[in-house]
Structures are given as structure tokens and as C-alpha cells.
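**Q** Let me give you the structure first, and then I'll get to my questions.
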Amino acid sequence: MDTLRYIISISFIFLFTNCYKTEYRKSDESFQGIYLRQWNSSICPQKIIFEKYVKNSNFKNIIERDSNFEIRGCELTESQFNQRILKPNVSYISQINYDIKLIIDDSIVYKITDIKDGIDTVSVNSGPGTWMIMNNIKSLVVNGQKLDNTKAALNIDIPTKLGKVMKR
């Protein structure tokens, strides 16, 4: 009798925990943020310049220049993560069909090319059954180094050490 009660209890728990509505949301954002990993400095960037160039123009034909970014990860409570997060205050829309030059404090430059992205469905951390249909960045080349970006598909994930010091 106890075994039957146990099986019925487990069945009800399984039934009710798996009854959720699958929800899909659509986002047209190109990316949500730029993560500079392994920052290894207590210095917080003060100035961000994000430049969009015509794809494969060797950074000659600029499309747009923007410096409206929120800089996160500088607070003492976030220093354990050893990264800086650059969030655009105005979203970039649609797939990325351009090259990017990211300049930090007029001293470090990241030239981002060969961005491979596409529309994909990804799980959202807000609960089971919640999915987001959005741009998914699969890979990119930063200053000549090819990077796999599949683990941070909603963001641009860059190791800080790939930055080049700008000539003055």
C-alpha cells in the first residue's frame, strides 16, 4: 500500500511540475551587451566608442559612431567576476552585417570582423518553457583571432587580452 501511495505521489508531482505553458518571445536586438572577459585591472573604462563599418571595407567606410554605453562590472561587489560589461543604451536592431571597431578610453582597440550570426531560438533563464527568438552570434574574429561565441550567443564575448594598444 505504501508503494502505491509513493507511486501516486510521484506521479502527481511529475504531472504538475511538467504542466507549463511554452512561451515564445521575439527580439530584434543585434546583441544585448559586450563582455570584456579577464579584465585583470581595477581601472574602470570611462569612454567607449563603438564604430560600425561597411563589411569587408578594412575599416575605411564608417556607417555609424556611438558612445552611448552603460559600463558595468566596476563596482566592488562585481569585481569577483573579473569582467567589464558594455551595454548599449539604445539597442542595435537586426542581424549584424557590418564590421565593428570598439575603442576603450582612446587607448585599446578591438577590430571585430567576420561575424557569423543568425536567427535562432534560445532558452531564457526566466523559467521553464520560456524561449526567445533572436539574433544569435555564433563566431567572430577579433584582431585576427577567431572566437567561438556560442556560449554567449546573445552577447559579444571578448577576452580582454586581444585588445591592441592604439598608436598615438
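**Q** By the gyration tensor of its Cα atoms, with a ≥ b ≥ c the square roots of the eigenvalues, what is the shape of region 61-168: rounded for a/c under 1.5, prolate for a/b over b/c, or oblate?
**A** Judged from the Cα gyration tensor, region 61-168 comes out oblate (a/c at least 1.5, b/c at or above a/b).
**Q** Rounded to the nearest 500, what is the 222 nm mean residue ellipticity of the chain from helices alone, with -39500 (n - 2.57) per DSSP H run of 4+ residues and division by all residues?
**A** -3000 deg cm²/dmol
**Q** Label ILE43 and ASN89 with points 7 Å out from Cα along Cα→Cβ: what is the distance between them in nm?
**A** So the two model labels end up 2.4 nm from each other.
**Q** Write down the percent of antiparallel bridges among all DSSP beta bridges whose residues are both part of region 21-165, to the nearest 5.
**A** Antiparallel bridges make up about 85 percent of those DSSP assigns within region 21-165.
**Q** Based on the Cβ-Cβ distance of ARG72 and SER27, what FRET efficiency does E = 1/(1 + (r/R0)^6) give at R0 = 35 Å, to the nearest 0.05?
**A** 0.95
**Q** Name the chymotrypsin sites (Phe, Trp or Tyr not before Pro) in region 34-71 that are in a loop by DSSP and that have at most 15 other C-beta atoms within 10 Å, would you?
**A** For chymotrypsin sites (Phe, Trp or Tyr not before Pro) across region 34-71 that sit outside H, G, I, E and B with at most 15 neighbouring Cβ atoms in 10 Å, the list reads PHE59.
**Q** Separate question: To the nearest 10 degrees, how steep is helix 2-17 against the longest Cα principal axis of the chain, on a 0 to 90 scale?
**A** On a 0 to 90 degree scale, this one is about 40.
**Q** Magnitude of the Cβ-charge dipole of region 111-168, K/R +1 and D/E -1, about the Cα centre, nearest 20 debye?
**A** Charge dipole, region 111-168, about its Cα centre: 520 debye, nearest 20.
**Q** Quick one: putting +1 on the C-beta of Lys and Arg, -1 on the C-beta of Asp and Glu, what dipole do you get for region 21-165 around its Cα centre, in Debye to the nearest 20?
**A** So the dipole magnitude of region 21-165 works out to roughly 300 debye.
**Q** Right, next: Among the lysines, which fall within straight-line cross-link reach of LYS138, defined as a Cα-Cα distance under 21 Å, with same-chain neighbours fewer than 8 residues apart omitted?
**A** LYS138 reaches LYS26, LYS52, LYS55, LYS87, LYS101, LYS111, LYS116, LYS146, LYS151, LYS161.
Each reported figure results from applying straightforward, stated rules to the coordinates on display, with no laboratory input. Bear in mind that the values here come from a model prediction, so they are computed numbers and not experimental data. Note that each Cβ is placed from the backbone with ideal geometry, even for glycine, and that neighbours are counted across all protein chains shown.
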